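Quick note: the coordinates plus some simple rules give every number you see, no bench work behind them. Please read all numbers here as calculations on a predicted model, not as lab measurements. Reconstructed Cβ throughout: ideal geometry from the backbone, glycine too, with neighbour counts over all protein chains shown.
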Amino acid sequence: MTDSVAVDVDRLAVDTLRFLAVDMVEAAQSGHPGAPMGQAPLAYLLWTRYLRFDPRDPDWPDRDRFVLSCGHASALLYGLLHLSGYDLPMEELRAFRQWGSRTPGHPESFLTPGVETTTGPLGQGLGNALGMAIARRMLGATFNRAGFPLFDHRVWVIASDGDMMEGISSEASSLAGHLALGELVVFYDDNGISIDGSTDLAMSENVGRRYEAYGWHVQRVADVNDLAALRAAIEAARDETERPSLVVVRTHIGYGSPGKQDSAEAHGAPLGADEVAAAKENLGWPLAPTFHVPDEARVPFRRAAERGAGLRRDWEALVERYGEAHPEAAERLAARRAGRLPEGWTERLPRWTPADGAIATRKASGAVLNAIAGEVETLVGGSADLTGSNNTYLKGFADVSAAEPGGRNLYFGVREHAMGSALNGMALSRLLRPYGGTFLIFSDYMRPAIRLAALMGLPVVYVFTHDSIFLGEDGPTHQPISQLLSLRSIPGLTVIRPADANEVAAAWRVAIERTDGPTALALTRQGLPVLEGTAERAMEGVARGGYVLLDCDGAPEVLLIGTGSEVQLALGAARALQADGVAARAVSLPSWELFDAQDAAYRDAVLPPSVTRRLAVEAATRLAWERYVGSGGDVLGIDGYGASAPWKRIAEEYGFTVEHVLERARRLL
Ligand SMILES: Cc1ncc(C[n+]2csc(CCOP(=O)(O)OP(=O)(O)O)c2C)c(N)n1
């Protein structure tokens, strides 16, 4: 008899999840009921029997991660969080998708306790999960000791057809298979329906076989409502530690809705009052009240939360004992948890003088990274197959591989999009400071993930080298013109384009000290002289986004503003003007965002409003520079796409020479 009672509770809890989602969408008159109705049995089983979490401590470091990659099914996640006892009361469910609620249309990690990552752009959750599993491996390799499995959690994902169609799923899953991330389990919600209708319209591959080819452990469950089969698959996936697991679960979108099940109509619109009534009747659910939660349905969720609280307490006790057995490692872990940087780490930052000769800022970046990596041990990263070009390698530290998860050098392969998304997943651990490199031009290939890092406020660092037409011979396909501005247009992303090696050191300091959002470094391929004055002034100047590099006596008549490799031109021209008795000032403006964040007094001191003769020099689109040069100013930039030639010739042809800058400045006078 106990068995049938248990089965009834399962059914009750699953239908509770289904109709909470249906009622949320109905109340909002907007949202996605179909996926929650189909996925509910899987989500229920996972959350009540397997997922390790403690709603009273949603950030417990060794909790399991649950990623709803198909973020449009958010109503399902909110139901799970509510029933499990997270701080998400029923009023929040009733306020689904409304102004000021913690139940936005798609899950937002920075808004809702228990939401691990922000999802909605399909496929990103898979990339985040890759990063979470990498982070789990790295942290385990760093901190686990015999008898002290401090990092031992799993990453569980639900992904939909849309996730699987997106290219990022291939990038992320290929790398996950290569790295043999056994702690990663993905459930593929195979319902055969997307927005346009049947997935047959646009997809015919066998997803399971695709994942087998990636080296995953693949299982199939023919009916999501068969909880016994589902349990067997979950347990087999859990017990498979050598390979990531994919469980292809056949589900039915809009399950239970007589008129809309298995139809795209159930995907992204309220079912409508009549169809809601029909679905509730069909599954034996009361029509009223809405948002109905039978007491019995709460029981399995409460039990799971209690079990999780126990696991969390056990973990804290383990950490206590760890402190006695391994005091040094425990102290390092405590520092990471508190977000403390090692004392005096900035003293490691190298300094250069003009006598050091020309040095590409990408090279300086590599030198900085290697100078601080020993101390700042949270720094981990790599490149999308441009390690040598991006100078991202940490010498003396191991490469990350399936066999060596404890390394600090990651090889992302030619997978910029998954790299960006994985960096987000790693940063979400709050215990790592991940960075990733590629050419600036290919920031376009990872832009969706950069934008999400900014939205989530994750302190990821992007090492974008080959930052202008002066990369030379590779030509227009590789020469970034619009990328700088397009990155600057992402709210919350700090873009820094250092003018020389000293500015690079300062830029890395800004990036590492930043905890609330991502930083993109734009670095040169070509050598740049170390500029007079940066050794003394760059550290503060870069942190403030812009500063006077060469001043004149008295009030300036003209301002020459540059970023990155063009600062030397502004400087050269300003010197020449000064030699002619013109009061010219040269300003280095490596970061618009940092400069704009200064108070007006500082900004006006650097760019005095009374001086309207202004010339900006940047080897990129001229668009938007008016904000600094005003209507009376001029911008030396680039229209078009650059050219394939040695970079010095390109500089001459495009007028990026001191002589031409001087001529343009004189025109203003
Ligand atoms: C990158 C991206 N492109 C497009 C969309 C818009 N969109 C939301 S859900 C969806 C597809 C829905 O199909 P599926 O993933 O199978 O979800 P289901 O219909 O089963 O709920 C699309 C195209 C999106 N969210 N992200």
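When the C-alpha atoms of segment 565-669 are aligned to their principal axes, what extent does each axis show, in angstrom, from largest down?
Here the spans come out as 44, 33, 21 Å, largest first.
Figure the gain on full extension for L111 and H292 (residue separation times 0.36 nm, minus the Cα-Cα span) and round it to one decimal in nm.
Net length gain for the segment: 62.7 nm.
Pull out the extension gain between R351 and S489, defined as 0.36 nm times the separation in residues minus the alpha carbon to alpha carbon distance; nm, one decimal.
So the chain would gain 46.6 nm between R351 and S489.
Helix 501-513 sits at what angle to the longest principal axis of the chain, using alpha carbons and giving 0 to 90 degrees rounded to 10?
Around 30 degrees separate the two axes.
Stick to the Cα atoms of segment 112-269, pair each with every other, and give me the Kirkwood hydrodynamic radius in Å at one decimal.
It works out to 16.6 Å.
Please enumerate, by chain and number, the lysines with C-alpha under 24 Å from the C-alpha of K260, excluding those fewer than 8 residues away in the same chain.
K280
For the chain, I need the span (max minus min coordinate) of the C-alpha atoms along each principal axis, in Å, sorted largest to smallest.
98, 59, 45 Å, listed from the longest principal axis down.
Given a cut-off of under 8 Å on Cα pairs at least six residues apart, what relative contact order in percent is computed for segment 357-481?
Taking the mean separation of contacting Cα pairs over the length of segment 357-481, I get 23 percent.
Short version: what are the Cα gyration tensor semi-axes of segment 439-529, square root of 5 times each eigenvalue, largest first, in whole Å?
22, 17, 8
Using alpha carbons only, how many angstrom separate the centre of segment 241-258 from the centre of segment 410-451?
Each part reduced to its Cα centre gives a spacing of 28 Å.
Sorting check: for 388-396, 539-547, which peptide has the highest mean count of neighbouring beta carbons within 10 Å, and how do the rest follow?
Ranked by mean Cβ neighbours within 10 Å, highest first: 539-547, 388-396.
Applying the Karplus parametrisation 6.51 cos²θ - 1.76 cosθ + 1.60 with θ = phi - 60° to the phi angles of segment 362-371, what ³J(HN,Hα) value in whole Hz is obtained for each residue in order, glycine and proline being reported as x?
With coefficients 6.51, -1.76 and 1.60, one gets 5, 5, 4, 4, x, 5, 5, 3, 6, 6 Hz.
Given Cα pairs under 8 Å that are at least 6 residues apart, what percent is the relative contact order of segment 346-422?
It rounds to 26 percent for segment 346-422.
Compute the acute angle (0 to 90°) between the alpha-carbon long axis of helix 2-28 and the principal axis of greatest extent of the alpha-carbon atoms of the chain; round to the nearest 10°.
Compared with the principal axis, the helix lies near 50 degrees.
Kirkwood Rh, segment 594-637, all Cα pairs: how many Å? Don't skip to the answer; put the middle values down first.
On the way: mean 1/r = 0.0901 Å⁻¹.
For segment 594-637, the Kirkwood estimate is 11.1 Å.
When the expected Rg is taken as 2.2 N^0.38 Å, what fraction or multiple of it is the alpha-carbon Rg of segment 256-354?
Against the empirical 2.2 N^0.38 Å value, I get 2.18 for segment 256-354.
Going Cα to Cα from K395, which lysines come in below 24 Å? Please leave out same-chain ones fewer than 8 positions away.
K363
How large is log10 I(q)/I(0) at q = 0.10, 0.18 Å⁻¹ when the Debye formula is applied to the Cα atoms of segment 516-613, each weighted equally and without solvent?
Here log10 of I(q) over I(0) equals -0.27, -0.85.
If one computes the Cα centroid of segment 529-608 and of segment 342-391, what distance in Å separates the two points?
The distance from the Cα centre of segment 529-608 to that of segment 342-391 comes to 24 Å.
Just want to confirm a number: the relative contact order over the chain, from Cα pairs under 8 angstrom separated by 6+ residues, in percent.
12 percent
Which order do peptides 500-511, 301-312 fall in by mean Cβ count within 10 Å, highest first?
Numbers: 500-511: 27.3, 301-312: 17.7.
In descending order of packing, they fall as 500-511, 301-312.
Between V218 and residues 5 or more places away or on another chain, which pairs have amide H atoms under 5 Å apart, with H built 1.01 Å from N, and which residues are they?
Amide H neighbours of V218: L246.
Hey, could you pull the Cα Rg and Dmax for segment 19-65, both in Å?
13.8, 38
Peptides 86-97, 468-479: what's the order by average Cβ count within 10 Å, highest mean first?
Ranking the peptides 86-97, 468-479 by packing returns 468-479, 86-97.
Cα axis of helix 74-84 to longest principal axis of the chain: angle in degrees, 0 to 90, nearest 10?
60 degrees
Give a residue-ordered list of calculated ³J(HN,Hα) values for segment 466-474 (Karplus: 6.51 cos²θ - 1.76 cosθ + 1.60, θ = phi - 60°; whole Hz; x for Gly, Pro).
6, 8, 7, 4, 6, 6, x, 4, 5
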